[in-house]
Amino acid sequence: MKKFLITLVAFALCLAAATSSRAELTPEIQLGIKGVFSLDYARQDGNSDTTLVNFDDTSIMLGFREKLYSDYRGQFVVGMKFTDPDSDLGPVFYNHIFLRIEDKKSDLLFGRSRASTTLIEFPTLRDDDTLLYSDILNPHASAAGFEAEEYQYASMLRGSYLVADKVWLQANISSFKEDPLEDFGVNAAGLTLEYLVPESQRWNRKVLQQIGFGFNTFLDVEQPGGSSDNLINTMASLVLNVKPDPVHFWDLRAQTIYNNGLSGIDAIGDLKDMSQAESVSLLASLRYLNRKLEWPNAQVALTAGYKNFPGLQVDTNQYGFILNGLHRIGSGFDVGLQLAYDSFTGDLAALFGKDEFRMQAFLTFEFDTRWNNQFDERDSLLNLEHGYIP
Amino acid sequence: MDRREFLALSAAVPGLLLAPKILLAEAAKKANTSRFPRPLEPAIRDGVKEYRLYIAIYQQELVPDFSFHTLAFNDQVPGPEIRVKEGDRVRVYFKNNTELNHTIHWHGLYVPWRMDGVPYVTQMPVMPGQEFIYEFEARPAGTHFYHCHWGTLLHLQAGMYGSLIIEPESDTVAKRFPYDREYTLLYSAHDVNYVRNELDGMLTRMKERMYLMKNGRFDAERFNLFNSVDELKKAVRSGYRPPYTNNMRAQADLPDPNWFTVNGKSYPETPYLYIKTGESIRVRLINAGGESHYLHLHGHDFWLVCDDGLPLEHPRQMNTLHLAPGKTHDIIIEGNNRGIWTFHDHDTRRVTNNGLYPGGNLMVLVYEDLPMEERAVGQMKGMKMEGAGMDLLPKIALDE
Ligand SMILES: [Cu+2]
């Protein structure tokens, strides 16, 4: 809580400075907030459990950006996320702290942000609802408790370059949290290539929205025997407009990850083993979005995942479904219900239990705004279709 | 040097370009001709003067290194000048090359009412790709302008305006004040952030609407069209949000102009008014923007000769003129006090570029016959000017 209070004081100071009449340039100030609140009921291997208030994924993000002397733009972002009540990470986790420099065709990020261990997002209530299927798993994370943030966020130097229209090549060297935390050096590197239609141009698009390929290698991963090796994962993704209709919008997305695994892993006893064992995962979502007078009104999505571990002595796999629906009750305010089912066999059954059913009734609020607005987004229609203005 | 000092250095004051030796250079005079609206040449068919105007998204550079996306007639801000004789029959083919709706309103003209360009009142909007033909007789004589009347708050300040001059059979102004040259000045004020955000928002919404239109699914509710107040009320109860509610719009705030232009340019790119001793010049002032301007000329009293294009029976002398939004005024400046004189909005908030002074609609009246010995700016005792990099001294005089 203390960390949070200090942050709030810092925010207040930043805002006060922005309104003073110093001769310095005042940057554009961006604020994004997301409140995710749910009432959870879970049933695992016959035992049920209720959480009255789960506010995981609730976050605040502040950005400051300005034009540099050249045609580049510079940005500083700090974001914090309020974690699970039982998280080992404390009540607040700083998920974004970075500086970024970008222009029309390139983008350089230096700091902590979302790791490049997934290519696309899935329509689930929380970002980590499908983590075991949607993300390359970090073998450097703690073996004991499962903290999604250790998988989702990393410190990095990441460069992206627009190699052709809508085609981004991205490379990163990253530092994931170590367990125990003994080294802040580079322990992962990755490369992705992605064709991505900007959000603003989705109505021009008949079918293809996104197609991506990526690979990531975790460096010097300690093996059970004591030696270390590199752990390589490859991934591919696809997002299609099934029906790009402004009222009844349907899309389909899928991502697959292949984990080469480290040799000698033939059983899963903990989370570390799970990230180091050879595996293939597949995750797909079909989404229906109803829009009313140019605004989202309701959404229903079905997501299904499957993951298999072929190199283990015991036949081990997992599958899961998530079905959710939400209705917008006010600008940025959604109410909804999410049902999830997961099944584990083999070694995973010992780790996570045989199966789990979760039901979550939720209320969410999202809001984004900017002050001292000075320039356009790179992907605005004006910049994309009528000439880019730095 | 500590970090603080280093940061303080970045707040440099922009240099100024109003030194006589720069203003009176031939290059400056030549460049100045492009700072006035370009005349549009008509084709004459069956005695009718035919003009072609198109609208497209364009980037207008207000000052070096600062551009914004605009809506421009014939790739010009302001649009080209239409100049006709009183009583001429005029036909304007207006082609919409944008993904937005537009119309043209002929401000101050006695056109047939269905040529007046008010969407849903006198005509349907000219939709993306469509062409509309305006036809009217040029009346009354005087300084007028044309502008878009769709989403006027945005489209007007986004650049959709141009001068329309109707020359009278016999010019009473020229009779009383024989003038040697004339200039057209169109004033505007732009909130470039508002223009950018709203244009982006409208383009986004129009892409979706065009999709529905092509599929024949664009209904009355999406058109924001209702046949009765009851129909509107019913739509509101079932989730329709009228444009006047915040969340329908890309942004809720009203525009707060931060750039002020004359003929689409801000100082130091604003036009110069050249004059010679003994000459008179006629200046046609048009306020195509949404702000009031209080135009003050140094060193002279000018004659106000026309109001909204109509010649005044009793022209009056003044040195500060209130140019309200939508107004046109013609003034005569008599060249009787040689020098270099500023002509600017005396609401000096409009003599800024994005909040920094000087800028905006600051202009100068320049006597071409200024003798060499007067071309050096007032020297200060004990200060060596020549070769000391102080040629740009007038900035002190401008710092009111
Ligand atoms: Cu228009």
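Scanning segment B:314-340 for residues that are part of a strand (DSSP E or B) and touching a helix residue (DSSP H, G or I) at 6+ places or on another chain (Cβ under 9 Å), which turns out surrounded by the most Cβ atoms within 10 Å (Cβ to Cβ)?
Among those residues, the one meeting the criterion is B:ASP330.
Might you check whether a residue that is surrounded by fewer than 23 Cβ atoms within 10 Å (Cβ to Cβ), among the hydrophobic types (A, V, I, L, M, F, W, C), more than 22 Å from B:TRP150 (Cβ to Cβ) and more than 16 Å from the ligand (Cβ to nearest atom) occurs anywhere in segment B:106-114?
no
A:VAL163 versus (1) in a strand (DSSP E or B); (2) surrounded by 18 or more Cβ atoms within 10 Å (Cβ to Cβ): which is the lone unmet condition?
The one condition A:VAL163 does not meet is (2).
Among all residue pairs at least 6 apart or on different chains, which show Cβ distances below 6 Å where the first residue, located in segment B:344-360, is under 10 Å from B:TYR267 (Cα atoms) and the second is small (Gly, Ala, Ser) and crowded, with 17+ Cβ neighbours inside 10 Å?
So the pair list comes out as B:VAL351/B:GLY360; B:THR352/B:GLY359; B:THR352/B:GLY360; B:ASN353/B:SER266; B:ASN353/B:GLY359; B:GLY359/B:SER266; B:GLY360/B:SER266.
Please count how many residues of segment B:141-174 are hydroxyl-bearing (Ser, Thr, Tyr) and touching a Pro at 6+ places or on another chain (Cβ under 7 Å).
3
For residues in segment B:73-102 being in a strand (DSSP E or B) and open to solvent by 20 Å² or more (accessible area, probe 1.4 Å), which is nearest to the ligand (Cβ to nearest atom)?
Filtering first and then ranking leaves B:LYS95.
Do we have any residue at all in segment A:191-210 that's open to solvent by less than 60 Å² (accessible area, probe 1.4 Å), aromatic (Phe, Trp, Tyr), modelled with pLDDT under 90 and under 28 Å from A:LEU252 (Cα atoms)?
Within segment A:191-210, one or more residues are open to solvent by less than 60 Å² (accessible area, probe 1.4 Å), aromatic (Phe, Trp, Tyr), modelled with pLDDT under 90 and under 28 Å from A:LEU252 (Cα atoms).
Could you check segment A:310-390 for strands (runs of 3 or more DSSP E) lying wholly inside it with 1 or more residues that are of a type in the set (Lys, Arg)?
Result: A:316-330, A:355-371.
Which ones in segment B:161-204 are among the basic types (Lys, Arg) and surrounded by fewer than 18 Cβ atoms within 10 Å (Cβ to Cβ)?
If the condition is that a residue be among the basic types (Lys, Arg) and surrounded by fewer than 18 Cβ atoms within 10 Å (Cβ to Cβ), then B:LYS175, B:ARG176, B:ARG181 are the ones that fit.
Would it be correct to say that B:PHE145 is more than 16 Å from the ligand (Cβ to nearest atom), away from every other protein chain (no Cβ under 13 Å), of a type in the set (Phe, Trp, Tyr) and open to solvent by less than 20 Å² (accessible area, probe 1.4 Å)?
In short, no.
Identify all residues within segment B:32-72 that are open to solvent by 30 Å² or more (accessible area, probe 1.4 Å), in a strand (DSSP E or B), more than 16 Å from the ligand (Cβ to nearest atom) and more than 14 Å from chain A (Cβ to nearest Cβ); write none if there are none.
Passing the criteria: B:PRO39, B:ALA43, B:ILE44, B:ARG45, B:LYS49, B:ARG52.
Is it true that some residue in segment A:140-153 is open to solvent by 30 Å² or more (accessible area, probe 1.4 Å) and touching a Gly at 6+ places or on another chain (Cβ under 6 Å)?
So far as segment A:140-153 goes, no, none of its residues is open to solvent by 30 Å² or more (accessible area, probe 1.4 Å) and touching a Gly at 6+ places or on another chain (Cβ under 6 Å).
Of everything in segment B:158-195, what is within 16 Å of the ligand (Cβ to nearest atom) and at negative phi? Give them in sequence order.
Within segment B:158-195, B:ALA158, B:MET160, B:TYR161, B:GLY162, B:SER188, B:HIS190, B:TYR194, B:VAL195 qualify.
Spot the failing condition for B:PHE343; the list is (1) modelled with pLDDT under 95; (2) buried (at least 22 other Cβ atoms within 10 Å of the Cβ); (3) among the aromatic types (Phe, Trp, Tyr), and only one is missed.
(1)
The values are calculated or read from the model by the stated rules, or taken from the named source; none is laboratory data. Just so it is clear, the structure is predicted and the values come from calculations on it, not from any experiment. Cβ: placed from backbone, ideal geometry, glycine included. Neighbour counts: every protein chain shown. When the accessible area is computed, the model is the full protein with side chains, heavy atoms only, and any ligands, DNA or RNA have been set aside. Shrake-Rupley method; radii C 1.70, N 1.55, O 1.52, S 1.80 Å.
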